[in-house]
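What follows is calculated from the coordinates using simple rules that are stated; it is not laboratory data. These numbers come from a predicted model, not from an experiment. Glycine also receives a Cβ, built like all others from the backbone with ideal geometry; neighbour counts cover every protein chain displayed.
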Amino acid sequence: MTRGQQNRFGLGTSLIAAAFAFNACGTDSTDRSIRRIDGPNGAITYVSSFVNPDQVEKIIGENDLTPVINDGANIPEKYRPLIDAFGKISMGCTATHIGNGLVISAGHCFDAPEKRINNKPCDRITVDWGYRKDKAPYLKSKCVTVLAAELNDDRDYAIFKVDVAPTAQVELDLSARPKLGAAVTIFGHPQLRPLEWSKTCVIEEGTKGGWGVDQFSHQCDTEPGNSGSTIIDDTTLKIIGIHDGGRVPWNYGTFITNTPVAEFLGGATPTNPVPPAPPGQQPGSPDQSIVKLPNQLFGPFRNNQKSVLTTFGRDLGEYIDFDVLIDLEEGRDFVVIEHGDRQRVELSGVNRRRFSRLQLPVTVSFRSNSFIRSNNVILQDIKVYKSVIPNP
């Protein structure tokens, strides 16, 4: 595929301009946003630019993605013992088993906040292992808990446990960051297709793509659905990073050495590192009870579609604030926000609305008719209040 191919999941110009204008006045420090779409093979979760959502993980130059078939007979022999360690996650990402039921992926796949969170519930998420073009998954695991996860401008990772461990695993290289120019490879589920191999590329400086201090650039081919794929040293066959996303011509990953995965290799529980309170602020004050979540983008939508876009559960806290920006078919397609004790609000047309102090849980859903397809729904400036409700 040629470089700079057009993405069919673009946002409307007027809506995204409004979103950028609004976002520029807020406190957001990043242009990266979680996006969920209904792809050809199911719901996909990935990171895009909030201002330019066409800028997502991409094919760079010619398409090197190769479906893995015949138990790996069409790929180099050295990779074959690894291929059953890769899984397709139900929310639309890729996972890798690293032993004893411990699994790694990207933080944005689990709606990770900017600061590390531990022990996040995930019992509705499953992983299908060993899914290939000519072979059904050999195992379905259920996510037990997200031990640690984080999403910010420097790191994007998730470490979780599953109830049933796969038979295969990939080892980690936690000795040091790999050298620039080291050859790496990626296996994953682009667009939720059966397992595909990216062939090889090399590690480059993160600054080439404008990534963070704990991230690096690469040009291995990926697509939405590859999020969370592990980046593997082509010589040692050990994991050196987690693929997070990209913007042509640079995709990027987080160095595995800059994640807390080592804490859990011996079966330990999270230490839950809480930063010290700033001078004058006591633990438990309202400021510490606020968690800011990444922006979320949905759409475009199909005709006659009815689906839950996202759910904010009681595990996050007590109350939530967020802005909703919509570009929908007026009077025919609707976004429904349900909160607290069966309270609900319906929105349609081109609209923007601020919701404040909604009692959790909150569910955001969409329904459409059989006519003109609607464009987008954006949730931004999302803040969860753990317990104390500060004054607006």
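Using 7 Å Cα-to-Cβ label points, what is the Gln191/Glu330 separation (nm, one decimal)? Simple spin-label model gives 3.5 nm for this pair. For the range 31-273, the equivalent ellipsoid built from the Cα gyration tensor has semi-axes of 22, 21, 18 Å, listed from largest to smallest. At a Förster distance of 51 Å, what's the computed FRET efficiency of Asp163 paired with Ser370, Cβ-Cβ distance as r, to 0.05? According to the calculation, E is roughly 0.80. Taking only the C-alpha atoms of the range 286-385, Rg followed by Dmax gives 13.7, 47 Å.
Close amide H pairs (under 5 Å, H built 1.01 Å from N) link Ala158 with Ser105, Ala106, Gly107, residues at least 5 positions away or on another chain. Model label points for Ala136 and Ser175, set 7 angstrom from Cα along the Cα-to-Cβ axis, are 4.2 nm apart.
Per the Kirkwood definition applied to all pairs of different Cα atoms, how many angstroms is the hydrodynamic radius of the range 118-234?
Details: mean 1/r = 0.0628 Å⁻¹.
Result for the range 118-234 stands at 15.9 Å.
The Cα-based radius of gyration of the range 75-179, divided by its Kirkwood radius, gives an Rg/Rh of 0.98. Taking 0.36 nm per residue of sequence separation and removing the Cα-Cα distance, the Lys292/Asp123 pair yields an extension gain of 58.6 nm.
Sort 324-334, 363-373, 252-262 by the packing proxy (mean of other Cβ within 10 Å over each peptide's residues), most packed first.
Details: 324-334: 19.0, 363-373: 15.8, 252-262: 21.6.
Per-residue mean Cβ counts within 10 Å order the peptides as 252-262, 324-334, 363-373.
Approximating the spin labels as points 7 Å out from Cα along Cα→Cβ, the Tyr79-to-Asn41 distance works out to 1.5 nm.
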